[in-house]
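Reading through the C-alpha cells given below for one structure.
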Amino acid sequence: MTVPGASRFELPSDALQQCIRCGMCLEACPTYTLTGLETESPRGRIHLMDAMTHGRIGATARVSLHLDRCLGCRACEAVCPSGVPYGELIELTRAQLVRPSRRRDLLLGAIVARPRVLDVAARVGSLYERSGVRALLHATGAIRLLPPGLRRLESLYPPLARPRYRAPTPPSAPVARVALLLGCVMRVAYGDVHTSAAHVLARLGVEVVDVPDQGCCGALHAHAGDREAARGLARKAIAAFERAGVDALVVDAAGCGAYMKGYGRLLADDPAWAERARALAARVRDVTEYIASLEVPAPLGRLEARVTYQDPCHLAHAQGIRRQPRELLRRIDGLELVEMPDADMCCGSAGTYNVVQPEYADRLQRAKVDAILSTGASAVVSANPGCMLQVAAGLRARGSDLPVLHVVEVLDRAMRS
Amino acid sequence: MDLLVRLASICGRENVLSDPEDLLVFEYDAGFDRSAPSAVVVPATADEVSAVVRAARDAGVPIVPRGAGTGLAGGTVACGGAIVVSTSRLRNILEIDTVGRSALVEPGVVNADLGAALRPHGLFFAPDPSSQRASTIGGNIGNNAGGPHALRYGSVVDHVLGVEMVLPDGTIAAFGGRAPDLPGYDLVPLIVGSEGTLGIVTKAWLRLLPLPEHVHTFLALFPDVGTGARAASAIIGGGIVPAAMEMLDRTTMRALNAAFDAHLPEEAGSLLLVEVEGLVEECRDQVTRIETLCRAEGAFGIRTATTAEERDALWKARKLGYPALARIKPNNYLNDAVVPRTKLPEVLGRVNGIADRYGYTIANMFHIGDGNLHPVLLFDARTEPIERVLRAAAEILRVAVDAGGMLSGEHGIGVEKEDFMTWVFAPEDLDAMRRARGALDPDGVMNPGKVLPGQKACGDIPTSRIKRGLAEGMWV
C-alpha cells in the first residue's frame, strides 16, 4: 500500500534495518516514561520512519507530532544493543518533514548563525536586562501578567548581562595548542564560561589559539530540520579550524561537541569535504574530556561546596562522557559530589524543545528540579548552556536560587583559590 | 455509545489512540508477526481497566493486553479487530513487605525497576528475563518468563503468590494472596503463563528472596560447542545446580564484543557463563567441582569476574546479546525450545546442521543449564524470504520435539507457535485446555487467536498462514 505523496520520504535502509523492535530503548526514553505510549517511544518513532520510507503512511501532521515530541536526547541510542544510529535518523527525518513550527525554527537559525544579527539581538536583550526592566518585572510580580507563551520565552532568555569572553594570557611554554569553539548562543550568553574554560586550560599549560570566522557549529539548525544550512556552517567551521592548525578543538557546549564529532557523517557524501570533515571531527574534544586527558595536578585547587552533577544528554548519551566531569569535580579539594537520581535523564531543554513542546518540557523540568533539590546540594553543575538555562529557569520557578554552574566555572574558581 | 467515545470518557482522550498512524506502532512486538489493533487504550487504575473491558464487551470487540511489547511470540499483537489495553500506566510498586518478603505491584512495573527498588532492602525478585530492562511484571506473568537464573530459582510461576485480575466480563477478582497455601482451587498457576487469554492482571503479590551472601561468576572456555554442552551435562548430572549456566558460541561472542566491548575470548569455540550463589564456603566448594568437571570435558581456560563491575558487564552482554546480533545481520529469528539435557550435544549438532543446510549463520546463546535452547538464525529480510526462515525454524522445533523436548521454554506460544501445539499435545489435552479457558472466558474475547490452535482470529497474518502450513505439513 502506498499513500500518495509519501514517496518522497526516504531514509537510509541500512540504518532503519538495524532496529529489530526489541524495545530495549523504551525505558531510556524520557517521553515514553512520561506517557507510557509506544507512539512517544524511540521504537515507535523508528517504525513510523520506516513506514513513511516504505510508503505505508504519508508524512501526516499526526506522524510529525510524534516525531516532534522526540527530544533528540539520544538516550535510546546509548542503550541500543543493535547500534541503531537514531540521532542521524531523527535529523534526516526532520529535514524532510514540513512542520508548522518550521518557520520559527528557521528564523531562529537565521539569527544564531549570523554573528552580527545575533549581536544586535543580544544587545536588545542585554538592554532589557541591564536597564532593570527585567528585574522590575520580576520584583513587582508584573511578569505574571505576561501571556504564558511570552513568559516562557522570558524565563528561558539567556542571561545576557554576563561578561563577554576574555582570552587568558598564553602560558610561556605551552604543552599543547588548542582552539576553543566560541559558537553562537554560548558566545553571547555564556562568554564568561568560555573565559573560565580558557583560563583553566591556560593554567594547565595549554595555549588557546584565537580562531576568527569560526561561526556556529550548525547543530541547532540541523535539529530544527535545516540540514543544508548545517552543512554550510560545518564547512565554514572546518575551514576556520583547519587554518588554526591546532592539536585539538575544545568545546564547552555538549550539544556542539556532539554535533561536530559527527561532521564526518554529515559531509560523507561531499567528496570535496568528506576527508576534511572526518579529520576535524577526530580532533574535537569536550572540555571535560580534554582536561581529564591531561596530566593535571592533584588536587585541582580547593572549593568548599556540596554539588550535584547533571549529565547533558549530548555529553552522556551522544559522546559517552560521564566519568570525566565527575572525576574532575572529585579532584577538587573540599568539594563533595552528591549524585541526584536519574542524573542522565533529559531536563527538557533539548535545543528549542522547551519552546515548541512546552508541556513535555515542563514535566521533565519539574522532575529534574525535584531530583536536584532531593540532594541538598548547594550548587548544580552541568556542561551545556541549554541544560544550564533550563535547570536555572526550573529552579527559579520553584523559588530556589541555587546557582547553576558549568564544570569549568567550578574548576576555575577552585584553581584560583 | 461509540466505543472510542466511551473509552475516552473512562481514560481521558489522550489515553485512547485510534489514528491509523498511531495504531501502526502497536502492530509489532519483538518477533515477526504483525497486525495492528483497532484502537489502543491506556488505563491508569484497575477500575479503569474494568470499565474498559465492560465497554469493549458491550461493543462486541475483543481485547489484547499489552505490557512493553518485548515479547517474541506475537502474544501482544492484536488481530481480529481487537483493541489493545496497555498496562504501561499501571506502574506503581504499591508495597514492599521486607519482613514477610513479598511485594504488591501493578502489572506495568518494569522488572528491572522492581529489582532496583528491592536491592536496598537486601531482597530480589528472582525471575530475570533478558528483556528485564524494559519488560513488565504483567508480561512476565503472562508468559511465565524465566531468564538465566530460572535454573536455580524456577520461572515466574514459582514467584507469584497471588494476582488481582479483571475477568473478561469486567469483574475484578483476586486469586491467591500474600499468605501461602490458601484453601480452594489454586488458579494462580493457571493464570501465570496464560498469555492474556483469561483476563488482565491488575495487581500481583510477588515472592521475594534475600540477596545471596556471595556471588561467584566465571567463564569456562571450550574448543567447540560439543565439549561445552557435555560439560554442562556433567555438571547438572553431578548434582550441582548453579544459579545460572549459559552457553555462548563464537558467533555470539563476536557480536557481543562489537556491541559492548565485552572482551569475550573469541579464541574459544564456546563458553559457559556460570554463576554460583550462596554462602562463601558453599560457593567455593561448588566452583572447584564445576571447574574440575569443565576441565575434564576439555575446557582450556577459566576466567573469573573479580569485581561487581566485571560481573555486571558479563550479564549486560549476555542479556542484551540477542538484539546485539543485529550487528552481524539486520534480522534474526530467535527460537525458543526446551530439550532434555542429556540430548543437548546431539540436538545442538542437528540444529547447526539445519542452519548449514539453509545457509544461515546461526548464533547460540542460551540457558544450557535447563536445556532451554535459543538458536538464533541470522538473515537479511530485504533479500531473504521470511518463509524460508520460518521453515528452518520449524525444522529446528521438530528436532527439539523429536528429542522429547517442548515448544517453548519461556517466550510463550502466542501467535508464533499455536499451530505447533498439535505436535506435542493430543486432541484430548488441547480440548481440556480449551475447557479450562472457557470457564473464565466463555466467549473467547480475551486475546483471541493465541496459544490454542484452530482459532480464526489471527488467520490473516501472513506469517501465521505460513506457519500453519508448516505445522500441518510436517506432522506425520
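The values are calculated or read from the model by the stated rules, or taken from the named source; none is laboratory data. Predicted model only: the values in this text are computed from it and were never measured. Note that we place each Cβ from the backbone using ideal geometry, even for glycine, and neighbour counts take in every protein chain shown.
Taking the listed residues B:Arg437, B:Arg391, the one that is within 30 Å of A:Ala15 (Cα to Cα), under 23 Å from the mean Cα position of the chain (by Cα) and surrounded by fewer than 22 Cβ atoms within 10 Å (Cβ to Cβ) is B:Arg391, with no other qualifying.
Of all residues being more than 8 Å from chain A (Cβ to nearest Cβ) and surrounded by fewer than 23 Cβ atoms within 10 Å (Cβ to Cβ) in the stretch B:16-26, which is nearest to B:Tyr322 (Cα to Cα)? Just the residue, please. Within the stretch B:16-26, the match that is nearest to B:Tyr322 (Cα to Cα) is B:Leu23. Selection within the stretch B:119-167: residues that are of a type in the set (Val, Ile, Thr) and more than 13 Å from the chain's Cα centre (by Cα). The member of this set that is farthest from B:Trp205 (Cα to Cα) is B:Val166. Exactly one residue out of B:Ala179, B:Ala174, B:Ala116 is more than 17 Å from the chain's Cα centre (by Cα), surrounded by fewer than 17 Cβ atoms within 10 Å (Cβ to Cβ) and within 14 Å of chain A (Cβ to nearest Cβ): that is B:Ala116. Against the list (1) within 13 Å of another protein chain (Cβ to nearest Cβ); (2) surrounded by fewer than 24 Cβ atoms within 10 Å (Cβ to Cβ), the condition B:Arg6 fails is (1). Note on the stretch B:1-56: residues that are among the hydrophobic types (A, V, I, L, M, F, W, C) and not in a helix (DSSP H, G or I) total 13.
Checking the stretch B:151-158 against the condition returns no match, with no residue being away from chain A (no Cβ under 14 Å), touching an Asp or Glu at 6+ places or on another chain (Cβ under 8 Å), surrounded by fewer than 21 Cβ atoms within 10 Å (Cβ to Cβ) and over 29 Å from B:Asn332 (Cα atoms). Exactly one residue out of A:Gln319, A:Gln324 is polar (S, T, N, Q), touching a residue at least 24 places away in the same chain (Cβ under 8 Å) and not in a loop (DSSP other than H, G, I, E, B), and it is A:Gln324. The residues of the stretch A:65-86 that are over 15 Å from A:Gly320 (Cα atoms) and at the interface with chain B (Cβ under 10 Å from one of its Cβ atoms), listed by number, are A:Leu65, A:His66, A:Ser82, A:Val84. Residue pairs whose Cβ atoms lie under 6 Å apart, sitting 6 or more positions apart in sequence or on different chains, and linking a residue in the stretch B:360-388 that is in contact (Cβ under 8 Å) with a residue 12 or more places away in the chain and within 13 Å of chain A (Cβ to nearest Cβ) to a partner that is assigned to a loop (DSSP other than H, G, I, E, B) and charged (D, E, K, R), are B:Leu378/B:Lys329; B:Phe379/B:Lys329; B:Asp380/B:Lys329. Being in the same structural domain as B:Leu390 (by TED's automatic domain parsing), of a type in the set (Gly, Ala, Ser), modelled with pLDDT under 95 and under 23 Å from the mean Cα position of the chain (by Cα) is the requirement here; does B:Ala313 meet it? Here the answer is yes, as B:Ala313 does meet what is asked.
Answer yes or no: is there a residue in the stretch B:54-66 that is buried (at least 23 other Cβ atoms within 10 Å of the Cβ), under 30 Å from B:Tyr322 (Cα atoms) and within 12 Å of another protein chain (Cβ to nearest Cβ). Yes. Listed by position, the strands (runs of 3 or more DSSP E) enclosed by the stretch B:252-350 that each have at least 3 residues that are surrounded by 17 or more Cβ atoms within 10 Å (Cβ to Cβ) are B:270-278, B:331-334. Restricting A:Arg235, A:Arg326 to residues that are assigned by TED's automatic domain parsing to the domain that holds A:Lys368 and among the basic types (Lys, Arg) narrows the list to A:Arg326.
Of the residues making up the stretch A:405-417, those that are modelled with pLDDT of 95 or more and either closer than 20 Å to A:Asp362 by Cα or not in a helix (DSSP H, G or I) (or both) are A:Leu405, A:His406.
Only residues that are surrounded by fewer than 17 Cβ atoms within 10 Å (Cβ to Cβ) and either of a type outside the set (Asp, Glu) or touching a Pro at 6+ places or on another chain (Cβ under 9 Å) (or both): list them for the stretch A:266-282, please.
A:Ala268, A:Pro271, A:Ala272, A:Ala274, A:Arg278, A:Ala279, A:Ala282
Going residue by residue through the stretch B:217-224, is there one that turns out to be more than 24 Å from B:His367 (Cα to Cα) and either in a strand (DSSP E or B) or at pLDDT below 95 (or both)?
We begin by selecting, within the stretch B:217-224, every residue more than 24 Å from B:His367 (Cα to Cα); these are none.
Among the residues of the stretch B:217-224, not one is more than 24 Å from B:His367 (Cα to Cα) and either in a strand (DSSP E or B) or at pLDDT below 95 (or both), which makes the answer no.
Of B:Pro462, B:Pro448, all but one fail to be touching a Pro at 6+ places or on another chain (Cβ under 8 Å) and not assigned by TED's automatic domain parsing to the domain that holds B:Pro65; the exception is B:Pro448.
Exactly one residue out of B:Gly138, B:Gly142 is closer than 22 Å to B:Val52 by Cα, away from every other protein chain (no Cβ under 14 Å) and crowded, with 21+ Cβ neighbours inside 10 Å, and it is B:Gly142. So B:Glu309 passes all but one of these: (1) closer than 20 Å to A:Met24 by Cβ; (2) within 14 Å of chain A (Cβ to nearest Cβ). Which condition number does it fail? The failed condition is (1). Number of residues in the stretch A:39-62 that are over 21 Å from B:Pro330 (Cα atoms), touching a Lys or Arg at 6+ places or on another chain (Cβ under 9 Å) and either of a type in the set (Val, Ile, Thr) or more than 13 Å from chain B (Cβ to nearest Cβ) (or both) equals 1.
In the list B:Leu209, B:Leu190, which residue meets the criterion of being surrounded by 16 or more Cβ atoms within 10 Å (Cβ to Cβ) and either within 30 Å of B:Ala432 (Cα to Cα) or of a type in the set (A, V, I, L, M) (or both)?
It is B:Leu190.
Restricting attention to the stretch B:27-42, the residues being within 10 Å of chain A (Cβ to nearest Cβ) and in contact with a strand residue (DSSP E or B) (Cβ under 9 Å, 6 or more places away or on another chain) number 6.
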